[in-house]
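The values are calculated or read from the model by the stated rules, or taken from the named source; none is laboratory data. Since we're looking at a predicted model, the values are computed, not measured. Cβ: placed from backbone, ideal geometry, glycine included. Neighbour counts: every protein chain shown. Quick note on the areas: whole protein, heavy atoms, side chains included, nothing else; ligands and nucleic acids left out. Shrake-Rupley method; radii C 1.70, N 1.55, O 1.52, S 1.80 Å.
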Amino acid sequence: MDFTFTEEQQAAVEAARAVFSDVAPDRAPSPALTRGAVAEDIDRRLWHELARTDLLGLTLSPDHGGAGLDPIALCLVLRESARVLARVPLLESCAVAMALQRYGDRTLAAELLPRAGRGELILTIGANGRTGHDPAELAISAKPYGDGDEDGDGDGDGGDDGPDDGGSGWVLDGVQTAVPWAQVADWIAVPAHTTGGRQVLALVPRTRDGVTLADQVSTNGERLAEVRLEAVRVEARELIAAAGCWDWLRSLLTTGTCALALGLGERVLAMTADYTGKREQFGFPVATFQAVAIQAADRYIDLRAMEATLWQAAWRISTGSGGPLPAAGDVAVAKIWASDGVRRVVQTAQHLHGGFGADTDYPLHRYHAWAKQIELSLGPAAAHEEALGDLLAAHPLG
């Protein structure tokens, strides 16, 4: 088996490292010292630099001005971004763009994707449902409308050509909570369900009539929003009804979150190694004490498990390869390790740093806040353990 990355993927990592090398984790105010959000906007300077180096178009096809790389490449870049706590919607914007490119209307893709790759517009997604604990697609209803279309088939004849056709457009109602970067996004993707029970994905301009935002604040101090849709009309081309679209996008978002957890955890362990290698007690670096070394070694094992499961999930999504379980099983395993692993890494780091780890002049507390946000994003470990159990029950192994 070959676990090496391609030359193109490695080049993306090198480009990302060059961009993120100039980013300081404490560029924004500390969430521990700030009431409300740490900033009103994303890191615009970094966003423009990502666009200039073509990293925003990394996974777009050449037809849309991109490099045509796969989700593995995106995860590699996300891993680098998490090392410096990059305050940009890289995962959300790229993931929605990939879903539009893969499943959406070609004319809408041609209008939006080149601009997204150039950093001229921002895409985000509501993936947490009404409460964060219920399926996101159930939080929004999508009903077709059209000229005299009382039966919902979009042809205006009152007949029954097909359920939920929506030929003339759709009306959306519902709420998505904790939508990242919604206040600065140009388009918000929202999963929804039709009257026939189908899962769909709607792309809604933030300024569309009927869209209202209420400010929320994440654990790491970044702005979120409760997005409320009241009789919001979208064109037929703005709704993606292709089978499997939302499941694929949710898996990509979850896998990308695992990449963020890995990058953050690796940076935190490096900080811990540096600190314990310099901090002395009884005339010796504390890193040489057995109790310290064992705890650090356990966290290294966590990171290697997080890495292996991440790339397995990313590979399944990128290639569509089969396996004993659907790709959702590999994604669930990766998120279980990412959620539990990143929590253990930052907790151990805080312990081994002693009181210094809680000093707000030192960046470790920021990583702790981001780790908690990542741990719970798109479901904690327990939720994915339950999902994995359901998959195992439906697809017995052996």
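Structure data summary
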{"item": "Subset of the stretch 307-324 [among the hydrophobic types (A, V, I, L, M, F, W, C) and closer than 15 Å to ASP247 by Cα]", "result": "ALA313, ALA314, ILE317"}
{"item": "Residues of the stretch 261-309 satisfying the condition of being in contact with a Leu (Cβ under 7 Å, 6 or more places away or on another chain), in contact (Cβ under 8 Å) with a residue 60 or more places away in the chain and under 13 Å from TRP337 (Cβ atoms)", "result": "LEU262, GLY265"}
{"item": "Any hit, the stretch 251-260, residues being touching a residue at least 40 places away in the same chain (Cβ under 8 Å), at negative phi and surrounded by fewer than 17 Cβ atoms within 10 Å (Cβ to Cβ)", "result": "no"}
{"item": "Every pair of residues 6+ apart whose Cβ atoms lie under 6 Å, when the first sits in the stretch 40-51 and is in contact (Cβ under 8 Å) with a residue 60 or more places away in the chain and open to solvent by less than 20 Å² (accessible area, probe 1.4 Å) while the second is among the β-branched types (Val, Ile, Thr) and part of a helix (DSSP H, G or I)", "result": "ILE42/VAL184"}
{"item": "Filter result for ALA328 (open to solvent by less than 20 Å² (accessible area, probe 1.4 Å) and in a helix (DSSP H, G or I))", "result": "no"}
{"item": "All strands (runs of 3 or more DSSP E) inside the stretch 167-228 with 2 or more residues being out of contact with any helix residue (DSSP H, G or I) (no Cβ under 7 Å at 6 or more places or on another chain) and among the acidic types (Asp, Glu)", "result": "none"}
{"item": "Within the stretch 103-116, tally of residues that are touching a strand residue (DSSP E or B) at 6+ places or on another chain (Cβ under 9 Å) and either within 18 Å of GLY126 (Cβ to Cβ) or of a type outside the set (Asp, Glu) (or both)", "result": "5"}
{"item": "Every residue from the stretch 69-119 that is free of Cβ contacts under 8 Å to residues at least 40 places away in the same chain and either surrounded by fewer than 24 Cβ atoms within 10 Å (Cβ to Cβ) or part of a loop (DSSP other than H, G, I, E, B) (or both)", "result": "ARG106, GLU111, ARG115"}
{"item": "Condition broken by ALA369, with the remaining ones in (1) more than 19 Å from THR276 (Cα to Cα); (2) open to solvent by less than 30 Å² (accessible area, probe 1.4 Å); (3) in contact with a helix residue (DSSP H, G or I) (Cβ under 8 Å, 6 or more places away or on another chain) satisfied", "result": "(3)"}
{"item": "Looking only at the stretch 336-366, and only at residues there that are of a type in the set (Ser, Thr, Tyr) and in contact (Cβ under 8 Å) with a residue 60 or more places away in the chain, the one that is farthest from ASP274 (Cα to Cα)", "result": "SER339"}
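Condition check ((1) on the phi > 0 side of the Ramachandran plot; (2) at pLDDT below 95; (3) not hydroxyl-bearing (Ser, Thr, Tyr)) across all residues:
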{"residue": "GLY117", "(1), (2), (3)": "no, no, yes"}
{"residue": "GLY132", "(1), (2), (3)": "yes, yes, yes"}
{"residue": "PRO163", "(1), (2), (3)": "no, yes, yes"}
{"residue": "GLY174", "(1), (2), (3)": "yes, no, yes"}
